[in-house]
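As structure tokens, the structure follows; a few thoughts come after it.
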Amino acid sequence: MSKEKVVLLDGNSLAYRAFFALPLLTNDSGIHTNAVYGFTMMLQNILSEEKPTHILVAWDAGKTTFRHATFGEYKGGRQKTPPELSEQFPYLRKLLDAYEIPQYELDQYEADDIIGTLSKVGEEKGVEVVVISGDKDLTQLASDTTTVCITRKGITDLEKYTPAHIEEKYGLTPEKIIDMKGLMGDASDNIPGVPGVGEKTAIKLLKQFETVEGVYESLDAVSGKKLKENLTANEDQAIMSKKLATIEVQAPITIALDDLSYKGPHEEKVKAIFEELKFKTLLEKMTPQSESIEMHETIEVDIISDGDTVKLADEMAVHVEMKDEKYLSTNVLGVSMTDGHTISYIPIEVLQASKTLTAWFQDESKKKYATDTKATYASLLRYGIETNGFEFDLLLATYIANPSSSYTDVASVAKEFNYHEVESDEVIYGKGAKKAVPEEHVIAEHAGRKVKAVWSLKPKLEEQLRQNEQFDLYHELEMPLAKILGKMESTGVKTDLRILQQIGVELSTRLSELESIIYEMAGQPFNINSPKQLGEILFEKIGLTPIKKTKTGYSTAADVLEKLESEHEIIGFILTYRQLGKLNSTYIEGLSKEIHEDGKIHTRFQQALTQTGRLSSINPNLQNIPIRLEEGRKIRAAFVPSEPGWMMFAADYSQIELRVLAHISQDEKMIAAFREGEDIHTKTAMDVFGVDKDGVSSDMRRTAKAVNFGIVYGISDYGLSQSLNITRKEAGKFIDTYLETFPGVKQYMEDIVADAKLKGYVVTMMNRRRYLPDITSSNFNLRSFAERTAMNTPIQGTAADIIKKAMIDMDARLEAEKMEARMLLQVHDELIFEAPEHEIEKLKEIVPEVMESALQLDVPLLVESAFGLSWYETK
DNA sequence: AAACTCACG
DNA sequence: ACGTACGTGAGTTTG
């Protein structure tokens, strides 16, 4: 008990203090943040200085307290809380929740009384208590066990009031502070006291007479005529003032010290709030990755020189150690393994040379607990080592448990689960230019700590996944997919550099022609790629009317320029220049750099990144190769089969998201439309505009299509008005009509938002979760965004679930059919393959079949496929 | 490093 | 009244 330390904070007082101490800061979203920022600084300071085992933030309850019964004007005349501060209280509460610091308020009582009562409890138990406030009244609570800290100027500077310090400062004992207040009053609380008595006089009187009552018992002995008069005339007021200043130490609180135990912040949540409020410096401080974490336990890692001596078990945690995350090109340093007892580190050459080890890795029945299945599989494959039998994946387990968890390395995840025995990669390898591979024993220990972490975190994560009914999603969908994606990445896509270069030459020629024309029209050369310079030319020199502004100046985005196209002929040239410039830099130059020695591009699919369950593609991104405009689409001609006599084959789901919506919402009309195999946008136009098929104009279909998109995104009238270039009112009308036409959809939208508010998260059909903390935010923007996300995520996420399932089924089917065809890419709703020409007929049959039956919905899934000599030709 | 722009589903 | 469509990655300019 004696080791415990309780810190009690006066929430309102500290918030006020922070608010007035700092200038009125506003972040990008227009929220004032100075009080939250200051409070956070204080809090961090207190946590690191005091290292409390228990902590509480007490809040004032409401407008009236029991003190108002005594004195109606208590705290009267005080200025209303500035709205700029009021709006920050919800964030403070959220912040404290994220720190997992308990908060408490009690009707009719002030924070002081809660703190007073708890400090007395602490005193009785002999526990060390630290009280923190900006209000000197609290100093009356100081005792041998209770220290009261009052903010001095600034925000982190605290003055510590112990009984000794109070004695030194006032010559009084702490409990006399009340008497002092009784006599001198307190302007800020509107406590009257005795006129003419200030701090000096009050102290003098109390030194002589001990208490307020003592003063009145011996009034005659008081020196000074005027003082005596004032005292006499204000006796009742003095007694009342003392009462008002007295902190209640027996408030009927319903919490106990045990409820205040503090285990540290929930780092992820704190980070999320810092991000939300744009606390950049605090965010950076949160990841003190360049600072070495204190390792509590020493571990022993055997560095293996003969692979056949490693003690192998049927289940082991394994980790492939590399100096960065680019496992498709970076060399493997070594592999660490543990069976829960001994830890080994095997340099890659040793692993490669050991038949025993490579056989163990290949053996499906030897279960591997990996930090990252896909990286393990693909990296070892580069050394000719095949890995099978993955049974646990730290990265995927963490991601499925919460897709917003940012997995940077093993240490970051481990920390989330209160496991601190592993260093961050940045500490070991450094960052930026200083990045380097340290000595082998350092790597061995680092990699060893990682497998140890995996071993001990596995039960916790699996338990959580089971509890949330997500184990199947994780174990039967994401885990098998990881290996398949590893295979796809390793296979890569053959890219014809000559085709890229040929397009590049054409582009360069046209770009320099456009450049001359634009300079000519502008009357001067300038950097067309600089929005700043372009804005100056268009809106100042030429004098066009700016339509939209950005944070830093005029917007020159394509949709803005398109509206100006008829105003000046330069606009058209600029738009073309931009379009071709993008193609040249991102796709010609960018992709050319990514072609490996094998003539292929090996993208990496991020499987644990998106908030919805989709994959993403990096280094390079092969999920955004141009298609919409013909000039860009030609880039696809560079993606070709890797073997002579082979072809490219592509298959995509038609309208998968709307089909998912029809199924989830159970909207009868929409289900019927899909069952009848109608063109959904035309059908929507028929229903919304009340015309028959022949009555649907192309404009009506275009509108219906935009509304359908809007519905999937979580509709808003503003968004639709932007995409259709119509007024918000008109857009709103379309939405209303649409929702009347599809009442099931309307119901779904309402239900999903309500459900998200209730539970705090939404799920996909396969139980993928996305937490939406902002859905209850008082900030309109944040809340609206969360609401749209709630509507969109189950749709986009279920579509992602479906194609992932299709990929697993497809991989199995190709294997079962003993086909040579290889799956190469996934682009959200399509799969791209390469195959020998003689297998194309078979693919045309089985790919749609497998994809369409990946998941049974109440509407059919439809897949369209095509093939050709390049990706360009698969249309 | 952040802002802006634009490529994809 | 608020101000945005949902989900990504990458290149260029600029402070």
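The values are calculated or read from the model by the stated rules, or taken from the named source; none is laboratory data. Here the structure is a predicted model, which means the values were calculated and not measured. Because the Cβ atoms are built from the backbone with ideal geometry, glycine has one as well, and the counts that use them run over all protein chains shown. Ligands, DNA and RNA are excluded from the accessible area calculation, which covers all protein heavy atoms including side chains. Shrake-Rupley method; radii C 1.70, N 1.55, O 1.52, S 1.80 Å.
For region A:638-678 versus region A:539-598, the spacing of their alpha-carbon centroids is 32 Å. Only alpha carbons enter this Debye calculation for region A:386-519, each as an equal point scatterer, and the log10 of I(q)/I(0) it gives at q = 0.12, 0.13, 0.15 Å⁻¹ is -0.69, -0.75, -0.86. Largest first and in whole Å, the equivalent-ellipsoid semi-axes of chain A read 62, 38, 27, each the square root of five times a Cα gyration tensor eigenvalue. Farthest towards the positive end of the charge dipole of chain A, among the residues A:VAL197, A:THR373, A:GLY572, is the Cα of A:VAL197, using unit charges on the Cβ of Lys, Arg, Asp and Glu. Mean separation of Cα pairs under 8 Å and 6+ residues apart, divided by the residue count of chain A: what relative contact order is that in percent? Reported relative contact order: 9 percent. Considering every Cα-Cα pair within region A:122-222, what fraction, in whole percent, is farther apart than 19 Å? So the portion of pairs separated by more than 19 Å is 47 percent.
Would you mind calculating the relative contact order of region A:172-247 from Cα pairs under 8 angstrom and at least 6 residues apart, reporting the percent as a whole number? Relative contact order of region A:172-247: 42 percent.
One decimal place: the segment A:ASP259-A:LYS243 gains 2.8 nm when fully extended, by the rule 0.36 nm per residue minus the C-alpha distance. The simple spin-label model puts a point 7 Å past each Cα toward its Cβ; for A:HIS441 and A:THR330 those points are separated by 2.4 nm. Given their separation in residues at 0.36 nm each and the Cα-Cα distance between them, A:ARG728 and A:ARG633 gain 30.8 nm when the chain is fully extended. When +1 charges are put on Lys and Arg Cβ atoms and -1 charges on Asp and Glu Cβ atoms, the dipole computed for region A:497-594 relative to its Cα centre reaches about 380 debye. For the peptides A:790-802, A:333-345, residues were scored by their other Cβ atoms within 10 Å and the scores averaged per peptide; the highest-first order is A:790-802, A:333-345.
With r defined as the distance between the Cβ atoms of A:ALA672 and A:ASP699 and R0 fixed at 22 Å, what FRET efficiency is calculated, to the nearest 0.05? E(calc), rounded to 0.05, equals 0.35.
First select every other residue whose beta carbon is under 13 angstrom from the beta carbon of A:ASP829; then total the charges, Lys and Arg +1, Asp and Glu -1. The answer is -3. Note on A:ASP829: accessible area approximately 60 square angstrom, rounded to 10, probe 1.4 Å, nucleic acids and ligands left out. Per-residue extension of 0.36 nm, minus the Cα-Cα distance of A:THR737 and A:PHE417, leaves a gain of 110.3 nm for this segment.
With Kirkwood's inverse mean 1/r over C-alpha pairs for Rh, give me the Rg to Rh ratio of region A:293-440, two decimals please. Using Cα coordinates only, the ratio equals 0.94. Here, region A:741-849 yields an orientationally averaged convex hull projection of 9.3 nm² when only Cα atoms define the hull. Placing pseudo-labels 7 Å out from each Cα toward the beta carbon at A:ASP308 and A:THR610 gives an inter-label distance of 4.9 nm. Accessible surface area normalised per residue over region A:308-467 is 39 Å², counting heavy atoms of protein chains with a 1.4 Å rolling probe. When the Cα positions of A:TYR383, A:GLN722, A:LEU477 are compared along the charge dipole of chain A, A:GLN722 comes out farthest toward the positive end, with charges on each C-beta of Lys, Arg, Asp and Glu. Summarising the amide proton neighbourhood of A:TYR161: residues at separation of 5 or more, or on other chains, whose placed amide H is nearer than 5 Å comprise A:VAL148, A:CYS149, A:ILE150.
A:MET647 contributes an accessible area of around 20 Å² to the protein surface, as traced by a 1.4 Å probe with all chains present.
A Förster radius of 41 Å, combined with the Cβ-Cβ distance separating A:PHE526 from A:ASN621, puts the computed FRET efficiency at roughly 0.85. Taking label points 7 Å from Cα along the Cα-to-Cβ direction, A:ASN388 and A:LEU758 give a separation of 4.7 nm. Protein heavy-atom surface of region A:368-423, 1.4 angstrom probe: 46% of the accessible area is carbon and sulfur, with nucleic acids and ligands not counted.
Annotation: for a label point projected 7 angstrom from Cα along Cα→Cβ of A:THR64, residues of region A:235-254 with backbone N closer than 19 Å are A:244, A:252. Descending by average beta-carbon neighbour count within 10 Å, the peptides A:105-113, A:725-733, A:364-372 line up as A:105-113, A:364-372, A:725-733, the highest first.
Add +1 for every Lys or Arg and -1 for every Asp or Glu among the other residues with Cβ under 12 Å from the Cβ of A:PHE573, and state the total. My count for the surroundings of A:PHE573 gives -3. Accessible surface comparison of A:ARG628, A:ARG510, probe 1.4 Å, protein chains only, largest first: the order is A:ARG628, A:ARG510. Across the accessible surface of region A:172-247, with the other protein chains kept in place and a 1.4 Å probe, carbon and sulfur atoms take up 51 percent.
Peptide packing for A:837-849, A:478-490, A:673-685 was compared via the average number of neighbouring C-beta atoms within 10 Å per residue; ordered from the highest value, the list is A:478-490, A:673-685, A:837-849. For A:ASP393, nonlocal amide neighbours, meaning residues 5 or more places apart or on other chains whose placed amide H falls under 5 Å from its own, are A:ALA370. Across region A:497-594, C-alpha contacts under 8 Å between residues 6 or more apart give a mean separation that, scaled by the residue count, equals a relative contact order of 36 percent.
Which helices, taking whole DSSP H runs in chain A, have alpha carbons extending 30 angstrom or more along the helix axis plus mean Kyte-Doolittle at least -1.0? Write down the numbers at each step before the final one.
Numbers: long enough: A:440-467 (40 Å, -0.78); A:497-522 (36 Å, 0.39); A:780-816 (53 Å, -0.13).
Span-like helices, by this rule, are A:440-467, A:497-522, A:780-816.
Calculated mean residue ellipticity, 222 nm, chain A: -14500 deg cm²/dmol, from DSSP H runs (n ≥ 4) at -39500 (n - 2.57) each, averaged per residue and rounded to 500. Between the residues A:SER512, A:GLY334, A:LEU206, the greatest Cα displacement towards the positive end of the dipole of chain A, with unit charges on the Cβ of Lys, Arg, Asp and Glu, is found for A:LEU206.
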